[in-house]
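Taking it in order: structure first as structure tokens, then the write-up.
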Amino acid sequence: MNRKTYAIAAGLLALSFLFAACATPTATPSTSPGAQVEVTRVVTVEVPVTVEVPVEGTPTTTEVQVPVTFDEAGDTLQTVMERGRLICGGNANVPGFGYLDPATQTYAGFDIDFCKAIAAAIFDDPEAMEVVATTGQSRFPALQSGEIDVLIRNTTWTISRDTSLGFDFAPTTFYDGQGMMVRKDSGITDLEGLEGGTVCVQQGTTTELNLADVMSFLGVDYEPIVLADANATREAYDQGRCDGFTTDKSALVSQQILLAEPEAHTILDVTMSKEPLGPLVRHGDNNWGDVVTWVTFCTFNAEELGVDSTNVDEMMGSDDPVILNMLGVEGDLGLALGLPADFCARVIQHVGNYAEIYNRNLGPDTPFNLPRGLNALYTNGGLLYSPPFR
């Protein structure tokens, strides 16, 4: 077989593998919000396939690379627009981030505001969305099955979630780290002080795995008390079943105000992990990923440029072409996303820039008063940075 014939044969073989990999996947849809579902996914990964190819009469082998394909996401933006509302997976039990107010039966929080921002960009209406409460265990099946369009629920960006689970993360909206809460009168001042003790931790989270890793590294013998959700974990700790309570530091701050005696507890000065939190979408629908990504960047960029909900209308008449591009007064940057040119202006008008979202839910006038820290703009020593709206 000559080199030309060999190349054609190898190409045809690669195509046959690709077509076989793109068979239609099946998924079992959820029948109730937050329910766990079993999802069958078709995912092929790029692996070398060895085949026998004779070259000049001599048997030999070669490797054909089969490309990665994900065949499940569909056209989420079109689905959302036809439905007339966004379905956002959220949290109901973490005040400041995602919380269902029992008095009003409405959701509020930092993460919920990013759900509203996406709805505002699409529909010019931040209330054109529905929050489906998810737990640490039910959140991923809910997104995989299509029960929700996007997951915005204090979810940590990790390699396994980004690859083997078939998801894509939008930009990080909150840089966090895992912490530990203990009672002030316990005398515990560090993780080593939990030797022989018990720690309450939520099931199905990176928190559970990080705790095991850190304690093993430190040589601390402890007993994990694993609970189903944030409420159950907090309540078990509050009832004295555990010596320590671990989760993301931001969540510890929000959970502390729900304890019977908040002032009787303290958060140790130790950070056990990196926890970059942000929106999550299904892999394979690049346009929908772009929509969620650029809505998020819109809030960062608006803060950097000094555009907020109180002056956005005035800024429509700015002399700065950078501002005019972002707001859609000039150019048509939103059209490539399938959104109106002024999608970012809608976000700012209805929800605000990042600083407004942060301060409204976590800032100085809230019970949490969380310093911005890493969640400041890069110009102020933080990590928030938006690519250009160009």
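The values are calculated or read from the model by the stated rules, or taken from the named source; none is laboratory data. Just so we're clear, the structure is a prediction, and the values are computed from it rather than from any experiment. Methodologically, a virtual Cβ is constructed for each residue, glycine included, from the backbone with ideal geometry; neighbour enumeration extends over all protein chains shown.
In this structure, does VAL307 turn out to be part of a loop (DSSP other than H, G, I, E, B), in the same structural domain as MET81 (by TED's automatic domain parsing) and buried (at least 17 other Cβ atoms within 10 Å of the Cβ)?
yes
Select from segment 116-153 the residues that are in a loop (DSSP other than H, G, I, E, B) and touching a Ser or Thr at 6+ places or on another chain (Cβ under 7 Å) and list them in ascending order.
GLY136, SER145, GLU147, ASP149, ARG153, listed by residue number.
Would you check if there is a residue in segment 172-181 being in a strand (DSSP E or B), among the hydroxyl-bearing types (Ser, Thr, Tyr) and within 23 Å of PHE297 (Cβ to Cβ)?
Among the residues of segment 172-181, at least one is in a strand (DSSP E or B), among the hydroxyl-bearing types (Ser, Thr, Tyr) and within 23 Å of PHE297 (Cβ to Cβ), which makes the answer yes.
Only one of (1) in contact (Cβ under 8 Å) with a residue 60 or more places away in the chain; (2) within 20 Å of THR233 (Cα to Cα); (3) not hydrophobic (A, V, I, L, M, F, W, C) fails for ASP168. Which number is that?
Failed condition: (2).
Here is a yes/no grid of residues against (1) assigned by TED's automatic domain parsing to the domain that holds LEU339; (2) within 18 Å of the chain's Cα centre (by Cα); (3) at pLDDT below 95:
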residue	(1), (2), (3)
THR50	no, no, yes
VAL53	no, no, yes
PRO95	yes, yes, yes
ALA117	yes, yes, no
MET129	yes, yes, no
THR135	yes, yes, yes
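Quick check on this structure: which one of ILE112, ILE122 is closer than 16 Å to VAL351 by Cα, modelled with pLDDT of 95 or more, in the same structural domain as GLY338 (by TED's automatic domain parsing) and in contact with a Leu (Cβ under 9 Å, 6 or more places away or on another chain)?
So the residue among ILE112, ILE122 that is closer than 16 Å to VAL351 by Cα, modelled with pLDDT of 95 or more, in the same structural domain as GLY338 (by TED's automatic domain parsing) and in contact with a Leu (Cβ under 9 Å, 6 or more places away or on another chain) is ILE122.
For LEU370, only one of the following conditions fails: (1) free of Cβ contacts under 8 Å to residues at least 12 places away in the same chain; (2) of a type outside the set (S, T, N, Q); (3) in a loop (DSSP other than H, G, I, E, B). What is its number?
Unmet for LEU370, out of (1) free of Cβ contacts under 8 Å to residues at least 12 places away in the same chain; (2) of a type outside the set (S, T, N, Q); (3) in a loop (DSSP other than H, G, I, E, B): (1).
Out of segment 294-342, which residues are among the polar types (S, T, N, Q) and without any contact (Cβ under 8 Å) to a residue 60 or more places away in the chain?
Scanning segment 294-342 gives SER309, THR310, ASN311, SER318.
Can you list residue pairs whose Cβ atoms sit under 8 Å apart, with the first residue in segment 204-226 being under 15 Å from ALA251 (Cβ atoms) and the second being among the hydrophobic types (A, V, I, L, M, F, W, C)? Count only pairs 6 or more apart in sequence or on different chains.
What qualifies is THR207/VAL201; GLU208/VAL201; GLU208/VAL226; ASN210/MET272; LEU211/VAL199; LEU211/VAL201; LEU211/MET272.
Against the conditions (1) in contact with a His (Cβ under 9 Å, 6 or more places away or on another chain); (2) surrounded by fewer than 16 Cβ atoms within 10 Å (Cβ to Cβ); (3) of a type in the set (Val, Ile, Thr), where does THR189 fall short? Just the number, please.
(1)
What's the number of the only condition in (1) within 14 Å of ALA120 (Cα to Cα); (2) under 24 Å from the mean Cα position of the chain (by Cα) that GLY373 fails to meet?
The one condition GLY373 does not meet is (1).
Yes or no: segment 258-280 includes at least one residue that is free of Cβ contacts under 8 Å to residues at least 24 places away in the same chain, among the polar types (S, T, N, Q) and over 20 Å from ASN369 (Cβ atoms).
No, there is no match, as no residue in segment 258-280 is free of Cβ contacts under 8 Å to residues at least 24 places away in the same chain, among the polar types (S, T, N, Q) and over 20 Å from ASN369 (Cβ atoms).
Would you mind listing the strands (runs of 3 or more DSSP E) fully within segment 197-290 where at least 2 residues are closer than 27 Å to GLY89 by Cα?
198-202, 223-227, 244-248, 275-277, 280-282
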